[in-house]
There are 4 protein chains.
Amino acid sequence: MAGSLTSRTLARPSFESAFEPPAFLAAMLAFEAALAESQAEEGLIPSAAAAAIVQTCASVTFDLESLVAEAKRNGTLVVPFVRTLRAAVAKANAEAAAHVHHGSTTQDVLDTAMVLCIRPCLEETDRTLDATVRMLAHHASQHRASPMLGRTLMQPAVAMSAGVKVARWAAALAADRERLAEAQGTALAVSWGGAIGTQQGLGERGIAARKRLARRLGLEDSLSWHVHRNAWIDLLHRAGMVVLTAGKIALDLSLLSQPEVAEMREAPPQEGVGGSSAMPHKRNAVGCMHALAAATRMPGLLSTLHAAALPEHERSLGRWQAELVVVPEIVAALGSSLDFLDIISASLVIDAGRMKENLNAYGAPGTTQPGDEATMDELLGELSPYLT
Amino acid sequence: MAGSLTSRTLARPSFESAFEPPAFLAAMLAFEAALAESQAEEGLIPSAAAAAIVQTCASVTFDLESLVAEAKRNGTLVVPFVRTLRAAVAKANAEAAAHVHHGSTTQDVLDTAMVLCIRPCLEETDRTLDATVRMLAHHASQHRASPMLGRTLMQPAVAMSAGVKVARWAAALAADRERLAEAQGTALAVSWGGAIGTQQGLGERGIAARKRLARRLGLEDSLSWHVHRNAWIDLLHRAGMVVLTAGKIALDLSLLSQPEVAEMREAPPQEGVGGSSAMPHKRNAVGCMHALAAATRMPGLLSTLHAAALPEHERSLGRWQAELVVVPEIVAALGSSLDFLDIISASLVIDAGRMKENLNAYGAPGTTQPGDEATMDELLGELSPYLT
Amino acid sequence: MAGSLTSRTLARPSFESAFEPPAFLAAMLAFEAALAESQAEEGLIPSAAAAAIVQTCASVTFDLESLVAEAKRNGTLVVPFVRTLRAAVAKANAEAAAHVHHGSTTQDVLDTAMVLCIRPCLEETDRTLDATVRMLAHHASQHRASPMLGRTLMQPAVAMSAGVKVARWAAALAADRERLAEAQGTALAVSWGGAIGTQQGLGERGIAARKRLARRLGLEDSLSWHVHRNAWIDLLHRAGMVVLTAGKIALDLSLLSQPEVAEMREAPPQEGVGGSSAMPHKRNAVGCMHALAAATRMPGLLSTLHAAALPEHERSLGRWQAELVVVPEIVAALGSSLDFLDIISASLVIDAGRMKENLNAYGAPGTTQPGDEATMDELLGELSPYLT
Amino acid sequence: MAGSLTSRTLARPSFESAFEPPAFLAAMLAFEAALAESQAEEGLIPSAAAAAIVQTCASVTFDLESLVAEAKRNGTLVVPFVRTLRAAVAKANAEAAAHVHHGSTTQDVLDTAMVLCIRPCLEETDRTLDATVRMLAHHASQHRASPMLGRTLMQPAVAMSAGVKVARWAAALAADRERLAEAQGTALAVSWGGAIGTQQGLGERGIAARKRLARRLGLEDSLSWHVHRNAWIDLLHRAGMVVLTAGKIALDLSLLSQPEVAEMREAPPQEGVGGSSAMPHKRNAVGCMHALAAATRMPGLLSTLHAAALPEHERSLGRWQAELVVVPEIVAALGSSLDFLDIISASLVIDAGRMKENLNAYGAPGTTQPGDEATMDELLGELSPYLT
């Protein structure tokens, strides 16, 4: 088992496995198979070769340790991957081997595989956000008339409705969800252009094959994005914004969960969760912890993504390769945030009585009536698609 | 004169002055004046008070040193700003003074002022990008048949057209321009909600006043964004992506300008520019330097923006305040990138002869024909709006 | 007045002015004067020339606007600076002009000037840390037997002494102070090596002149650090760690200042400080705000410093130039942190009664006795130099 | 196999396995065993219990999948780890089970385990740096009279010796090595203090046990560093500086390896390494790629470390937990840099003939003699310990 033990303890299993060898190799093979078929359809390689390649992609296996070691030595996973695949194809059809990976380069395979591997994670993100926003909107609606202390600069400000606070969380997540969906529309694109992104001189048929490849993989078509990657960066940044919003909610919740405040909390979905190794009486806010750890990491993770966006010429030596580590890490942090959202969807506790007590105790005289019905209405209007 | 001397030597004057006291105070006053008018129209404050406030906003002056010192002591610029404004209004109309800044908080004024100050910078960015893309598209079109070495991982790969390379730069900037315009559509929004973003109990008329305020300032209307700022962050991120694209172009250009390569270069628009303090014979690539320095800064600047996105409760103690420094810095880096784009728009030199020589000298046998007409056509198609 | 208005409202005046034109130009002139003298002493330039240069450095003035504009156009401040200085020297002694800036390059002047400008800031930092540690150690000693809730993962843990908490803050600052002093011992070094850091062929006498230059400026001698800057980065990083420690203290204090907790707080040194523009009844924790804003910025600022540490060849195009902005910003953030330390040195309030109440109310049964005398003794032992 | 496939292709196997479950669990067990022994020696737990714990630590096994799942659910690895260990101890000695992990908290075990796991990596770093500096110093000495173009701002400057360039690389690595060794002297420390770092009321004997624990593990003794972690951060930062220096060398080398320049290169230690998946004729600079990818990541990694340095109260909710991911990542990037250093130690090729040609072709008239003997002597003096 590879990967640091400690980082695994923060991971969302489905997001972790999305980039592990089985899933990632499957995505690489999906690329090679669909490429062969697409090129055959355009007459760029023989149909028989494509058939052999497709068949082999469904059955080939890799010796992982040697694959990784060779990848390291070569500075690219794709060299030993293609070598193995070619050898396997050759056993079925000697001639077909030469047509494996035709006109392709490392980044084509790896960028497309990244896209294929991130896609189900983003779909899961969308579903989780939908469910969380619904539940938060429901809470907001229920607590639209529960007064609580609004707090600014870590001090009491004026009264607000608990519903406003929760509705803002919901609206922020809903906006993140929309932005993320929008970015996927262009950024979940195929990468195929060969050495320098010009389809290796295959001309119009090369471009037609690329369009076919995109359709086969269910991805957007795109001009080469080996070195101009801002659509992709925009997508990952928007995933990062989900993590920041979840972090903000977790921060609020962790402050509200202090026993001196005790206005809201995540309730562990299960007996015995959140225990402390030193203090058996203690219940830790495990969900908040995951969300805050992810949010703490996100600025640095995105900054690496941005630093990697200075590639030289037609493909980079070292910059792009940093993405090979950081993209799965960004997704991992997103997964931790979803774990938090799952927990609060299932278990957010709002103590209206305590909120009222605190408001009376700490609110400035004459500031204990929220008076935010209009704001509440606006927010619930915004959230109406989630309130059905 | 404030600000570090060395940072000033990297600044684009129009972008620097956009956040300097005169412009920023003008934006704050524009907010207060428009707020008073909007509130008067909704009957929230007397019309006479609004008139006095508007009039005073047009004439009030500030003792900058004392304003800054008081802002520092109070932890907010708005306290001494409003105090001075109130005192000035009181001279004209004693009763009106109480209606200054009605229902507003620090962040309302400062966030709206930031938006107002960044707006002309983004307009200038849009014009500069338009001009640069046009010029690059023109170069691309002219050099569509000029073969050059494609380079990957810092080594010769296969032949490409110089036109493809330049068209990609252009297309990347054009896409950045579109993304930036799109983000402005939602993010250049008014901020007004009072202490905790709920219009201080002014109800429907408060919301109506906010919509009027937005229209008066030519900004989008928005629910309170004191602590849920992802639309704003998305906009600044997209500005940052322009800086990264400019940096990538500058990096390519700096590599191509090495005398051993000598295929392209920025030509200083003026005699004597780019001199060295140690070596009179030397011509430095001043534009590239500005773009690369800005791109070197951008990951860190954005990471601060992201780190600031974890505010507590209804307004933050310390997080948001980091934006007060970093937003002008992000804009400053963008300005340096535009300076670079201006230079290459005016002076990009492409040496087709030398490109051919290098291709012959360093290209692998049999790889000296680009064969990228189809890619070129696709790119020019994408750029067609700029090729008129 | 240049520099964004909002960033000025966060600045410590002495640290801000350290990098403003008067101070920075003075440092550049100090370099040029001391260089001339040192070179004359080694016979590298005529003594009369050195005398003329020294004299002119004491009187020359610059047209700032044109200096900045020329710096921008040339990509270096040093070209117009030296041109102006040479012209001024020429008026006094035509022959001497040729000996100005002899054997020097942009980075020599600017790096040395940076060092000269940061030095008084670090001295002020040392004094502030010393005073703060003393005051905190004194508080710790006084409250060694005041029980309070220890808190972990934002929940009550077990009892501790307030003295332990405060002594830890003090010990952390004391350790930062030592680390900072240690790094200054090597990093406050002269930079002089000419175009590529090899003393421009001046040989042994060049090296001897560099040593003299260092002594004259009160700096460490050093081999060229144009592109190998880790001693300098180490120093700035250690300055950054002071900011992080101050941020941690401010975070604790902001949590303890919540009225629901109310165990410690910064007391504004002056009536009327910390007011809110929306809520006159409110007292904001201005010091904490400054420290937290600085700490929020620090990871991004240091990451830019690290990103700049990949220079090409003998001097960088764009990387190093990013330091010209980020070093003054790092110092500015340090200044904000010192402002916070000054405030708590003057006004930290510890409410032992409330701490006891909270401990009784929220501590787990049987965990209300600190039992940390041994830890307290260890910490006070560590702090003994500050307890005299 | 866990961990993203792509990140594994960049990892140094010995550094990767250092934080994988077998090594990390072994370190955790080493902590628990040594803790039991140390506490028994101080009479804090019965000797028989300690013996049973030590014995069990040598033989206990964990169901990894369930350990990780429980760790995730509990927000800490230590809860299920201790539960399993206790159950195993109980089988041998029912009474001893209660003494497992006595007076300890999650951070005690995990921080100490991190230190134990990083230690061999730092030892390997030290050996690699020593070997690399020796080899580079040897090259420098051999090429002390080989003239080459010095280059600044990506353009030819004046002549220098190849020896100066290489000696600077060596001196920078040697200085990094010293700084790293120095930081280890204080930062490789035991962490043991219980829930809030005060030895859980065990008093003087608790402190004595901590000192014994440190000695047993071969670590430094230290006051609790749960929340004041700057010594540790300083160490990791210095590891990061090695990565930056290696990145700078790799950047230079990648520029010098361009065929148009062709002055130096890494020679693949083995036939067939560095192949391209698109272009069989191509040899990629695999070592440089690893070093540059690591250097691209480092600013973001360190910024996460710095962001994590704002813990609340006595132990943090979410900040510190970010270290659980980022510390192994920092070490992983360091490993990639060492792989590069290994490659250049074995295979750096310097082409003195080509350097001379380029100097003649591109050097300014009259600048083709290095004249840097004095600098060369200084550098070799600095490197003398490595030249034996």
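The values are calculated or read from the model by the stated rules, or taken from the named source; none is laboratory data. Just so we're clear, the structure is a prediction, and the values are computed from it rather than from any experiment. Here the Cβ is made from the backbone with ideal geometry for all residues, glycine too, and neighbour counts use every protein chain on show. For accessibility, only protein heavy atoms count, side chains too; no ligands or nucleic acids. Shrake-Rupley method; radii C 1.70, N 1.55, O 1.52, S 1.80 Å.
Express the Stokes-Einstein translational diffusion coefficient of chain D in µm² s⁻¹, to the nearest whole number, given a Kirkwood radius over alpha-carbon pairs, 25 °C and a viscosity of 0.890 mPa s.
In µm²/s, the coefficient is 105.
Points 7 angstrom from Cα along the Cβ direction at A:ALA26 and D:ALA51: gap in nanometres?
Inter-label distance under the simple model: 5.3 nm.
By how many degrees, 0 to 90 and rounded to 10, does the Cα axis of helix B:230-256 deviate from the longest principal axis of chain B?
Here the helix axis deviates by roughly 30 degrees.
State the residue of chain D whose Cβ is nearest the axis carrying D onto C, and the distance in whole angstrom.
Nearest to the symmetry axis by Cβ: D:SER303, 2.
Per the helix-only calculation at 222 nm, which mean residue ellipticity applies to chain D, given -39500 (n - 2.57) for every DSSP H run of n ≥ 4 and division by its residues, nearest 500 deg cm²/dmol?
Estimated from H runs of four or more residues: -21500 deg cm²/dmol.
Can you give the FRET efficiency to the nearest 0.05 for D:ALA58 and A:THR186, using r as the Cβ-Cβ distance and R₀ = 56 Å?
0.50
Show me the ranking of peptides C:334-346, B:214-226 by mean Cβ neighbours inside 10 Å, starting with the highest.
For the peptides C:334-346, B:214-226, the packing ranking is C:334-346, B:214-226.
What accessible area per residue comes out for the protein assembly as shown, rounded to a whole number of Å², with a 1.4 Å probe? Walk me through the numbers on the way to the answer.
Values: 44470 Å² over 1552 residues.
Ligands and nucleic acids excluded, the figure is 29 Å² per residue.
How much space per residue, in cubic angstrom, does the convex hull of the C-alpha atoms of the stretch A:70-122 take up?
95 Å³
Looking at the calculated P(r) for the protein assembly as shown, what percent of the C-alpha pair distances fall above 71 Å?
4 percent
Need one number: convex hull volume per residue for the stretch B:36-164, Cα atoms only, in Å³. Before the final figure, lay out the partial values.
On the way: hull volume 26.8 nm³, N = 129.
Once divided by residue count, the hull of the stretch B:36-164 is 207 Å³.
May I ask you to derive the relative contact order of the stretch C:72-204, considering only C-alpha pairs under 8 Å and at least 6 residues apart, and to give it as an integer percent?
Worked out over the stretch C:72-204, it gives 29 percent.
If the label for B:PRO385 sits 7 angstrom from Cα along the Cα-to-Cβ line, what are its distances to the same label in every other copy, in nm to one decimal, shortest first?
Label-point separations across copies, in nm and ascending: 2.5, 6.3, 6.5.
Counting only protein heavy atoms and a 1.4 Å probe, tell me what percentage of chain D's accessible area is made up of carbon and sulfur.
Details: 5850 of 11140 Å².
Carbon and sulfur together cover 53 percent of it.
Check B:GLU312: other-chain or 5+ apart residues with amide H under 5 Å from its amide H, H built from backbone geometry?
Residues meeting the amide H criterion: B:LEU317.
For the stretch A:247-388, what log10 I(q)/I(0) values come out of the Debye formula at q = 0.11, 0.12 1/Å, with one point per alpha carbon and no solvent?
Those come out to -0.65, -0.73, one per q.
Taking the square root of 5 times each eigenvalue of the Cα gyration tensor, what semi-axes in Å does the equivalent ellipsoid of the stretch A:327-388 have, largest first?
Semi-axes from the Cα gyration tensor: 33, 19, 12 Å.
Buried accessible area between B and C (1.4 Å probe, both chains summed, ligands and nucleic acids excluded), in Å² to the nearest 100?
Details: alone 18130 and 18120 Å², together 30240 Å².
Buried area between the two chains comes out at roughly 6000 Å².
What's the average, rounded to a whole number, of partner chain beta-carbon atoms within 10 Å of each residue's beta-carbon in B:322-333?
Values: counts 10, 4, 8, 16, 9, 3, 5, 9, 0, 1, 2, 2.
The mean count of partner-chain Cβ atoms within 10 Å per residue comes to 6.
Assuming R0 = 41 Å, what is the FRET efficiency of B:GLU204 and A:GLU178, from their Cβ-Cβ distance, to the nearest 0.05?
Numbers: r = 26 Å, r/R0 = 0.65.
The formula returns an efficiency of 0.95 here.
Out of all DSSP beta bridges with both ends in the protein assembly as shown, state the antiparallel percent to the nearest 5. Walk me through the numbers on the way to the answer.
On the way: 32 of 40 bridges.
Among the beta bridges of the protein assembly as shown, antiparallel pairing accounts for roughly 80 percent.
Between copies, how close do the B:LYS91 label points come, placed 7 Å along Cα→Cβ, listed in nm from shortest?
Those separations, rounded to one decimal, come out as 4.1, 8.8, 9.2 nm.
Suppose we keep just the DSSP beta bridges with both residues in chain C; what percent of those would be antiparallel, to 5?
Here the share of antiparallel DSSP bridges comes out near 90 percent.
State, as an integer percentage, the relative contact order of chain C based on alpha-carbon contacts under 8 Å between residues 6 or more apart. Before the final figure, lay out each step's value.
Numbers: 571 pairs, mean separation 82.7, N = 388.
Here the relative contact order equals 21 percent.
Using alpha carbon coordinates only, what is the Rg to Rh ratio of the stretch C:19-61, with Rh defined as the Kirkwood radius?
On the way: Rg = 11.0 Å, Rh = 10.5 Å.
For the stretch C:19-61, the value is 1.05.
In the full protein assembly as shown, how much of B:TYR362 is accessible to a 1.4 Å probe, in Å² to the nearest 10?
About 70 Å², rounded to the nearest 10.
Between D:THR61 and the same site in the other copies, what are the distances in nm, shortest first, taking label points 7 Å from Cα along the C-beta direction?
Relative to the other copies, D:THR61 has label-point distances of 2.3, 8.5, 8.6 nm.
Per-residue mean of other chain beta-carbon atoms within 10 angstrom of the beta-carbon, peptide C:74-85?
If you average over the peptide's residues, the count of other-chain Cβ atoms is 5.
Between the stretch A:74-108 and the stretch B:107-173, what is the separation of their alpha carbon centroids in Å?
35 Å
Would you mind computing, in nm to one decimal, how far apart the modelled labels at B:THR388 and C:ALA87 are, each placed 7 Å from Cα along Cα→Cβ?
Once both label points are built, they end up 4.7 nm from each other.
Got a sec? Which residues of the stretch B:129-154 lose 30 Å² or more of accessible surface with every protein chain in place, vs. that chain alone, 1.4 Å probe?
Listed by number, the residues meeting the 30 Å² cut-off are B:ARG151, B:THR152, B:LEU153, B:MET154.
Roughly what would the spin-label model give for D:SER14 and B:ALA267, points 7 Å off Cα along C-beta, in nm?
5.6 nm
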